[in-house]
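S.K.: Please read through the structure below; I'll follow up with questions.
The values are calculated or read from the model by the stated rules, or taken from the named source; none is laboratory data. Bear in mind the structure is a predicted one, so any value in this text is a computation, not a measurement. In this analysis, Cβ positions are derived from the backbone assuming ideal geometry, glycine residues included, and neighbour counts consider all displayed protein chains.
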Amino acid sequence: MPQKTAVILFNLGGPDSQQAVQPFLFNLFNDPAIIRLPNPFRWLLAKLIATRRAPKAAEIYAQMGGRSPILPQTQAQATALQAALGSDDYAVFIAMRYWKPFADDAARAARDWGAERVILLPLYPQFSTTTTASSLRDWRRAAKRAGLDVPTAAIGCYPDEGGFIAAQALLLQRALDQAETAGPQDAPLRLLFSAHGLPKKVVTDGDPYQMQVERSVAAILRRLDRPAIDSVICYQSRVGPLEWIGPATDAEIERAAKDGCRIVVVPVAFVSEHSETLVELDIEYAELAHGHGAAAYIRVPAVGTEPDFITGLAGMVKRARVDDGQPRCGSGARPCGNAWRRCICTDQGV
């Protein structure tokens, strides 16, 4: 008999008002996956960082109407996924990590709906201990608190899942078609695949995120079938004094602009629009590109509710196994192999 299955969409979350900016930042930096210090030191540092960064962050959100668009976009994805699943035996709930609705809200809602099994689905295609693993730990706490003790499966990553890659390639091809008529026709074309950065020490400690970003880009380029196209993988949104993985997106944009390129930027690790795309890429980096002489600057949209992406998510949900409760890669394979000790398939990953 079909079982009532709650699908929990994990996402970062974002402030829903100017007043929410500082507490959102505090929640972010108080996450032990983000700042790896014991309390009370992490709590104190998170308070300090949130207080200092809140005015600048508030200015950023003011450029997006005073709030983050990530919740309404995630709600649209949840609605589209519900329709793609095509059965009342499924119900989709949203669990944001750092702002409302939290995992506690989703766990109570799933319990009250009468969920008999749970599928955890992060809207982070590439696994990281700072995103997916953090959300999985938070979910376990919330489910226990809500008394939601049912068979549960976690889809840990899907860096080269077919629907995700098809949606990315389709949107990129549209941008390339636009680039064909943008700027001087003899200007070279360069693709910049931009992902959110991580401190280098997180990666050297065994986090497979950078490797999985590279897998996503390789799969998109195969789908695009333009092997000679000039492309670079780069990383944005660096904060703090630590050394981060690179190259940096802003540096690559400046380099491409000085080379007189038509620049096409692909937000390869973002499936919805938020401050990193709508402000950092669309405003700050666009100004940087034009200021250094770029022939054109085009930004590919996030996959959002593209049908291929939603179909891919629905397929992973329907294939998910809850028999042993172990987190799994969405492809059913192990893209990390044995080289990354903090991947989703290892005890250290979650």
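S.K.: Go through region 1-48 and give me each residue that's in contact (Cβ under 8 Å) with a residue 24 or more places away in the chain and among the aromatic types (Phe, Trp, Tyr).
M.R.: Correct list: Phe10, Phe24, Phe26.
S.K.: Name every residue in region 76-91 that is in a helix (DSSP H, G or I), farther than 10 Å from Ser272 by Cβ and not β-branched (Val, Ile, Thr), in order of residue number.
M.R.: Ala78, Ala80, Leu81, Gln82, Ala83, Ala84, Leu85
S.K.: Give the residue, chosen from Asp104, Asp89, that is under 29 Å from Val21 (Cα atoms), touching a residue at least 40 places away in the same chain (Cβ under 8 Å) and surrounded by fewer than 18 Cβ atoms within 10 Å (Cβ to Cβ).
M.R.: Answer to the selection: Asp104.
S.K.: Which residue is nearest to Ser272 (Cα to Cα), if the candidates are limited to region 177-211 and must be in contact with a Cys (Cβ under 6 Å, 6 or more places away or on another chain) and surrounded by 14 or more Cβ atoms within 10 Å (Cβ to Cβ)?
M.R.: Per the stated criteria, the residue is Ser194.
S.K.: Condition check: in contact with a Leu (Cβ under 6 Å, 6 or more places away or on another chain) and touching a residue at least 40 places away in the same chain (Cβ under 8 Å). Does Ile253 satisfy that? Step through it out loud before you land on a result.
M.R.: Values: in contact with a Leu (Cβ under 6 Å, 6 or more places away or on another chain): yes; touching a residue at least 40 places away in the same chain (Cβ under 8 Å): yes.
Yes; evaluated as a whole, the condition is true for this residue.
S.K.: Shifting gears a bit: Quick check on region 121-131. Is at least one of its residues in contact with a Pro (Cβ under 8 Å, 6 or more places away or on another chain) and within 26 Å of Ser17 (Cβ to Cβ)?
M.R.: yes
S.K.: Separate question: Any chance you could count how many residues in region 176-208 are within 21 Å of the chain's Cα centre (by Cα), among the small types (Gly, Ala, Ser) and not in a strand (DSSP E or B)?
M.R.: Total meeting the criteria: 2.
S.K.: Residue by residue through region 297-340, note down the ones that are in a loop (DSSP other than H, G, I, E, B) and either within 17 Å of the chain's Cα centre (by Cα) or at pLDDT 75 or above (or both).
M.R.: Residues satisfying the conditions are Val300, Pro301, Ala302, Val303, Gly304, Thr305, Glu306, Ala320, Arg321, Val322, Gly330, Trp340.
S.K.: So if I check each of Arg255, Arg222, Arg215, which one is of a type outside the set (Phe, Trp, Tyr), within 21 Å of the chain's Cα centre (by Cα) and either assigned to a helix (DSSP H, G or I) or over 20 Å from Pro15 (Cα atoms) (or both)?
M.R.: Every option except Arg215 fails the conditions.
S.K.: If you don't mind, there's one more thing I want to ask. Restricting to region 212-230, count the residues that are in contact (Cβ under 8 Å) with a residue 24 or more places away in the chain, of a type in the set (Gly, Ala, Ser) and surrounded by fewer than 17 Cβ atoms within 10 Å (Cβ to Cβ).
M.R.: 1
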